[in-house]
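Shown next, in structure tokens, is the structure this report addresses.
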Amino acid sequence: MKKIGLALGGGGAKGFAHIPILEVFDELGIKPSYITGTSIGGILGALYAANHSAKDIADMINDLIVKPRKSSLKDFFRNKDRFKFLQLMDPQLSLKPKGLIKGDKLLSFLYEQLEIDTFEGLNIPLKVVATDFWRKEQVVLDQGELLTALRATMAIPYIFTPVIVDDRVLVDGGLVNIVPHDLLSPECDIRIAVDIMGENTVSKTKIPSPFDAMFNTLDVLQDALANEKRANHPVDIYLQPPITDIQMIDFHKAELIYKQGVQIKDTFKRQLEKLLEERSLMDQLFRKK
């Protein structure tokens, strides 16, 4: 079997679009040999590398987020008792908070699902990306404490409390490498990257609101980095699920995001099957020679 490398990009709630991609692997009865991930991509990558199927992950999310009657952020917060997800958000109560959310409860939940402490305990080798805030550089985490690494890769500045590891203040890896396909092992025969940045359908002449400026400015920078990375580190399959008008905090739109991701599923499945067949035929030809 060919060695497949899978890179799962960051994007907060948009990460639900990764699930249809993982479903393809399950349906074909194959697994990636290596996984890299940033932020939500690192978290879902860890769950998949810990031998959870795509269905397991989807069920986990469905259990946390019950679909409201209306898909709006206001309704999401009005029905707090219906959302286990909100119970995982532990606010930082301090006169000088290091972040709005500590992240301890979310990490405890992840540990319950993973039941694995270290990278070495995963079934598939995993690398996750964090950012050294003060040194302004990428930090790749692939050994030792798994939960510390997951907490670092998702630590959006000031939303989540940063993580200190070996004198480094680590925050969200999306600041430096939103789709880390360049970190896939050179042993990979097939490289796959999943970019979940998506797009907005607003008028391109609209003046950004404060909310737009806060979230979309980072999107602009990340998209530029991703395009440069793609040009310098080509992959065999570069997937961009048609995620439209979704913000990184739109967790209440989990079902919609999944449906948008599903739109690319069949195309990806055909691409992967074709690549596997082509590489297999090439191997047969080389063996005959």
Filter result for ILE249 (among the hydrophobic types (A, V, I, L, M, F, W, C), within 15 Å of the chain's Cα centre (by Cα) and open to solvent by 40 Å² or more (accessible area, probe 1.4 Å)):
yes
Considering segment 21-43, residues that are open to solvent by less than 10 Å² (accessible area, probe 1.4 Å) and among the hydrophobic types (A, V, I, L, M, F, W, C), and then whichever is nearest to GLN240 (Cα to Cα), we arrive at ILE21
Apart from one, (1) under 14 Å from LEU44 (Cβ atoms); (2) surrounded by fewer than 22 Cβ atoms within 10 Å (Cβ to Cβ) all hold for GLU115; the odd one out is (1)
Within the bounds of segment 183-196, is there any residue that is surrounded by 13 or more Cβ atoms within 10 Å (Cβ to Cβ), among the acidic types (Asp, Glu), within 19 Å of GLY5 (Cα to Cα) and modelled with pLDDT of 85 or more?
yes
Being within 30 Å of MET1 (Cα to Cα), of a type in the set (Ser, Thr, Tyr) and either at pLDDT 90 or above or in contact with a Cys (Cβ under 6 Å, 6 or more places away or on another chain) (or both), is that true of even one residue in segment 247-258?
yes
Would you check if LEU275 is farther than 15 Å from GLY9 by Cα, in contact with a strand residue (DSSP E or B) (Cβ under 8 Å, 6 or more places away or on another chain) and either of a type in the set (Lys, Arg) or at pLDDT 90 or above (or both)?
yes
Whether any residue in segment 156-175 is closer than 24 Å to LYS2 by Cα, of a type in the set (D, E, K, R) and in contact (Cβ under 8 Å) with a residue 12 or more places away in the chain is what I want to check.
no
Of GLY45, GLY10, the only residue that is part of a helix (DSSP H, G or I) and not hydrophobic (A, V, I, L, M, F, W, C) is GLY45
Take the residues of segment 151-176 that are outside any loop (DSSP other than H, G, I, E, B) and in contact with a Leu (Cβ under 6 Å, 6 or more places away or on another chain): which is surrounded by the most Cβ atoms within 10 Å (Cβ to Cβ)?
ALA152
Within segment 213-257, which residues are over 30 Å from LYS55 (Cβ atoms), among the polar types (S, T, N, Q) and in a loop (DSSP other than H, G, I, E, B)?
none
Kindly indicate whether any position in segment 138-147 is surrounded by fewer than 23 Cβ atoms within 10 Å (Cβ to Cβ), over 23 Å from LEU47 (Cβ atoms) and small (Gly, Ala, Ser).
no
Of the residues that make up segment 183-190, is at least one closer than 26 Å to ALA152 by Cα, in contact (Cβ under 8 Å) with a residue 24 or more places away in the chain and part of a helix (DSSP H, G or I)?
yes
Kindly indicate whether GLU228 is in contact (Cβ under 8 Å) with a residue 24 or more places away in the chain, of a type in the set (D, E, K, R) and open to solvent by 30 Å² or more (accessible area, probe 1.4 Å).
no
Meets criteria (open to solvent by 10 Å² or more (accessible area, probe 1.4 Å), among the basic types (Lys, Arg), modelled with pLDDT of 95 or more and on the phi < 0 side of the Ramachandran plot) for ARG135:
yes
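The values are calculated or read from the model by the stated rules, or taken from the named source; none is laboratory data. As the structure is a prediction and not an experimental result, all values here were calculated from the model. With ideal geometry, Cβ positions are generated from the backbone for all residues, glycine too; neighbour counts draw on all protein chains shown. Surface accessibility is based on the protein's heavy atoms, side chains included, excluding ligands, DNA and RNA. Shrake-Rupley method; radii C 1.70, N 1.55, O 1.52, S 1.80 Å.
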